[in-house]
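The values are calculated or read from the model by the stated rules, or taken from the named source; none is laboratory data. What you are looking at is a predicted structure, and each value in this text was computed from that prediction instead of being measured. Cβ placement follows ideal geometry from the backbone for every residue including glycine, while neighbour counts extend to all protein chains displayed. Only protein heavy atoms, including side chains, enter the accessible area calculation; ligands, DNA and RNA are left aside. Shrake-Rupley method; radii C 1.70, N 1.55, O 1.52, S 1.80 Å.
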Amino acid sequence: MEHAPAHPSEVGAAGEGARVIAWSQRLDGPVWARIRDPKSSGAAGIVLGVLACVLTIPPVAARSIVWPVLFGLVAAVLGLWTSTRGRRRLGWGAVAAGLLGIGLGILATRSSTTNLNSVFTASLIASMFVFSTPLVFGAIGGMFSERSGVVNIGLEGMMLMGAFWGVYAADKGGSWVVGVVVAMASGGVLALVHAFFAIHLRADQIVGGTAVNFLALGITGYFFFQLYHGQDVPQGVATIPDVKIPWVKDWHFLGPAIGDLNLMVWLSFALVIVSYIVLFKTPIGLRIRACGEHPRAADTVGIDVYAVRYGSVVLSGTLAALGGAYLSIGFGGGAFVNNMTAGRGFIALAAMIFGNWRPFGAFGAALLFGLSTALAYRLPVYSSSAATLFQALPYVLTLIAVAGVIGRSTPPAADGKPYVKQ
């Protein structure tokens, strides 16, 4: 029997039903699976929490509390959903980001436009990069050391050595390139001392790193007095140049933010990418990570654990010293004062831990600490009496990062454990 032709409405309904089925199948695919992933939802919640505050400050500067409340509530809901799926730290982090975004966003809408425009300017972004650059070099250097299995608490001292010997070499050599090279060499030598005690003598690496910091403080203080007789470094020292980008400088907001940054800032960006490629995409990176995770197994397959660890620690010292050189002959303009690193090596160590011993994570943490430092110099516009309190903001964030409040960090399995070849 022949079937009667279907009514046009039935054909349209069938076609619509097929489209609905196709869309439902697409939602059940990898895109929807990624959305339902607790890790992705928690990360989205944190991003929305940040946006809840960012939308109320320049250059957007929304003056209605609707936007921070809306974005913050969605972030909190995503955080609660994430926490019920087993990701409690990430979930509560998203909830905290949402609530904090609501609070800060409401405060921003209640602030005067004059104060907002004086604090949240394009120069704030530039200052963030300025303050985060030495932290990036220190954090990436510490990451190489600890990925190989050696805890490097001595980043502060290596950075200080780079700051002093960098400016001294630039002063006497007449070139900032000479200063950078000598700074790297000084940091590498101090790192070699730390590596000898930690790897060869198997001394306690925390105690050894602390001793290295005091050693650097004594060396730089002594030679600064001997070579400059207690006076300031003479003016006219060759400094690391800025990189001006002509076709960016006239852009609104973006031009003043990135159009005239120091060369070391751009090198820090490149360092993050190169370090990721080296550590996770090359055989030498695999060897470094193997020595930090299971040195016995690495030794069994023919990897020289001692050589890899020595090389990684020395590399960490040279990178940290680059951050110190930036302080003296980059951002510092060719000046040096005793203990001018002022704890930046420890903040870099916290950035490395906060970033879970990964390059991009450490870079993000360094940017966060750099932003907090830049804000600390601008927030006194709201309260001059609280200026000293604002200066403590980067160190408070450091304590939060080290305490693991935001999320649990997992170090390499053999980090800090001396290896004895059998």
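Things to note:
- Near pairs, Cβ below 7 angstrom, 6+ apart or cross-chain, from the stretch 312-328 (over 12 Å from residue 164 (Cα atoms) and of a type outside the set (Phe, Trp, Tyr)) to any residue that is part of a helix (DSSP H, G or I) and modelled with pLDDT under 95: 320/345
- Comparison of 107, 70 shows that the only residue that is over 30 Å from residue 326 (Cβ atoms) and at pLDDT 90 or above is 70.
- Of everything listed in (1) without any contact (Cβ under 8 Å) to a residue 60 or more places away in the chain; (2) touching a Phe, Trp or Tyr at 6+ places or on another chain (Cβ under 9 Å); (3) not aromatic (Phe, Trp, Tyr), the single unmet condition for residue 181 is (2).
- Of the residues making up the stretch 222-266, those that are within 20 Å of residue 165 (Cα to Cα), open to solvent by 80 Å² or more (accessible area, probe 1.4 Å) and free of Cβ contacts under 8 Å to residues at least 40 places away in the same chain are 222, 225, 226, 229, 231.
- Tally, over the stretch 311-340, of residues that are assigned to a helix (DSSP H, G or I) and in contact with a helix residue (DSSP H, G or I) (Cβ under 6 Å, 6 or more places away or on another chain): 18
- Residues in the stretch 273-291 that are surrounded by fewer than 19 Cβ atoms within 10 Å (Cβ to Cβ) and of a type in the set (A, V, I, L, M): 273, 274, 277, 278, 284, 286.
- Members of the stretch 323-340 found to be at negative phi and open to solvent by 40 Å² or more (accessible area, probe 1.4 Å), listed by number: 331, 335, 337, 338
- Selection status of residue 96, at pLDDT below 85, within 22 Å of the chain's Cα centre (by Cα) and among the hydrophobic types (A, V, I, L, M, F, W, C): no
- Pairs are defined by a Cβ separation below 8 Å, a sequence spacing of at least 6 or placement on different chains, a first member in the stretch 72-87 that is under 8 Å from residue 45 (Cβ atoms), and a second member that is crowded, with 18+ Cβ neighbours inside 10 Å and of a type in the set (S, T, N, Q); the pairs so defined are 78/41; 82/41.
- Scope the stretch 341-360; condition in a helix (DSSP H, G or I) and either open to solvent by 30 Å² or more (accessible area, probe 1.4 Å) or farther than 24 Å from residue 280 by Cβ (or both); matching residues: 344, 345, 346, 347, 353, 354, 360
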